1. Determine whether Pro161 is modelled with pLDDT of 95 or more and not in a helix (DSSP H, G or I).
2. Kindly indicate whether any position in region 138-150 is hydrophobic (A, V, I, L, M, F, W, C) and either in the same structural domain as Gly301 (by TED's automatic domain parsing) or free of Cβ contacts under 8 Å to residues at least 40 places away in the same chain (or both).
3. Is it the case, given these coordinates, that Val297 is over 18 Å from Thr127 (Cβ atoms) and surrounded by 13 or more Cβ atoms within 10 Å (Cβ to Cβ)?
4. Select from region 194-207 the residues that are assigned to a loop (DSSP other than H, G, I, E, B), touching a residue at least 24 places away in the same chain (Cβ under 8 Å) and not aliphatic (A, V, I, L, M) and list them in ascending order.
5. Go through region 49-63 and count every residue that is more than 26 Å from Ala119 (Cβ to Cβ) and modelled with pLDDT of 95 or more.
6. Run down Thr127, Thr143 and say which single residue is modelled with pLDDT under 95, of a type outside the set (D, E, K, R) and closer than 30 Å to Ser295 by Cα.
7. Filter region 6-33 for residues that are of a type in the set (A, V, I, L, M, F, W, C) and either farther than 12 Å from Trp66 by Cα or loosely packed, with under 12 Cβ neighbours inside 10 Å (or both) and give the result.
Amino acid sequence: MNYLGIDISKSTSRYVLLDNDGEKAAKPFTLDNNQQAFTQLLERLQELNFQPDDILIGIEATGIWWENLYCFMTEQKFKVIVLNPHQTNKFREALRLKAKTDDIDAYVIAGLLRSGEYAASYIPEETIQILREIVKLRHQLVTNRQSFERQAHALLGLLFPEYEKTAIKNPFSVASLAILKAYPTAKHLAEAKSKNIEKIVRHIKGNNFSIAEIKTLIETAQNSIYSGRAKDAHGMNLNIILTHVETLHNSIAQLDQIMDDILSPQNSDDPMSFPGANLLSIPGVGPKTLAAILSVVGADGSAYPDGKSFIGYVGFFPRIY
């Protein structure tokens, strides 16, 4: 058996090939990460008379650059092992290789494969990969939205301290967003005509603003303690923040729809015909929780040997406090 270690970066990859005795079976080489270079890699392996059964390939799962090469080589029937960087770092320490170069990194990967002491990272099927990407992105977007919402609340506390006593007490509802983007401060609202605000909210689905509430909103703004200092600059800032909140809200809703489509029965005659359907019978478990779990354990839980291992990964073991 031969072992090919690949240290992959954004634009290039370094290749080190070891034979069964740990000797270099060929001179290390570097190739670009493109279709032509991938073909050149196959040609080099063919020149060395290596068939898919003769070689084990290792790639470190750093960043996202490994995925295209992994898919290309597996499609060519080669066995590719994706390694967690923690493994390769520990193996480097065991070899007492303190330096970190492309050659050394690729050599360490090939050496770890040859040792047989590696643990292959879980590579999910495409449906689970989609859920994984959605869950990660959704979490980031929700975090960003919460940050902008905190900024909006803080700014509104200056620009219209009394807003919580009016119909726009939830500034992130569709109608409230529309009003505040048009009239972002108490001074702007104080000069607004009720018919203009009514025109803004009239065609918004689910809007329940009454004429009385709009008039109360304007009267409250007219009696606000806001000084009006730098109102246009402050108003522009609030408008931009609210636009970000609105955009993030729409993006999250789009991800939720994709998630719901995946976690819906694929067969009208079988309500359980999607991954993890049985988990939804647990009180408190909904599509978002199910998507997060499946993105980690896989459609059939194959990413972990047992439930205890998964619980350990999540960190739910009890401890003395």
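The values are calculated or read from the model by the stated rules, or taken from the named source; none is laboratory data. Note that the structure is a prediction, hence the values are computed from the model and not measured. Positions of Cβ are backbone-derived with ideal geometry, glycine not excepted, and every protein chain shown enters the neighbour counts.
1. On the way: modelled with pLDDT of 95 or more: yes; not in a helix (DSSP H, G or I): yes.
Considered against the rule, which asks whether it is modelled with pLDDT of 95 or more and not in a helix (DSSP H, G or I), Pro161 comes out as yes.
2. Scanning region 138-150 turns up no residue that is hydrophobic (A, V, I, L, M, F, W, C) and either in the same structural domain as Gly301 (by TED's automatic domain parsing) or free of Cβ contacts under 8 Å to residues at least 40 places away in the same chain (or both).
3. On the way: over 18 Å from Thr127 (Cβ atoms): no; surrounded by 13 or more Cβ atoms within 10 Å (Cβ to Cβ): yes.
For Val297, the condition - over 18 Å from Thr127 (Cβ atoms) and surrounded by 13 or more Cβ atoms within 10 Å (Cβ to Cβ) - is not met.
4. Passing the criteria: Lys205, Gly206, Asn207.
5. Just the residues of region 49-63 that are more than 26 Å from Ala119 (Cβ to Cβ), to begin with: 49.
Within this subset, residues satisfying the condition of being modelled with pLDDT of 95 or more are none.
Summing the residues that are more than 26 Å from Ala119 (Cβ to Cβ) and modelled with pLDDT of 95 or more in region 49-63 gives 0.
6. On the way: Thr143 fails: modelled with pLDDT under 95.
After ruling out the rest, the residue left standing is Thr127.
7. Going through region 6-33, the residues of a type in the set (A, V, I, L, M, F, W, C) turn out to be 6, 8, 16-18, 25-26, 29, 31.
Val16, Leu17, Leu18, Ala25, Ala26, Phe29, Leu31, listed by residue number.
Residue-wise test of (1) crowded, with 18+ Cβ neighbours inside 10 Å; (2) part of a helix (DSSP H, G or I).
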residue	(1), (2)
Arg150	no, yes
Gly157	no, yes
His188	yes, yes
Ser224	yes, no
His244	no, yes
Ser251	no, yes
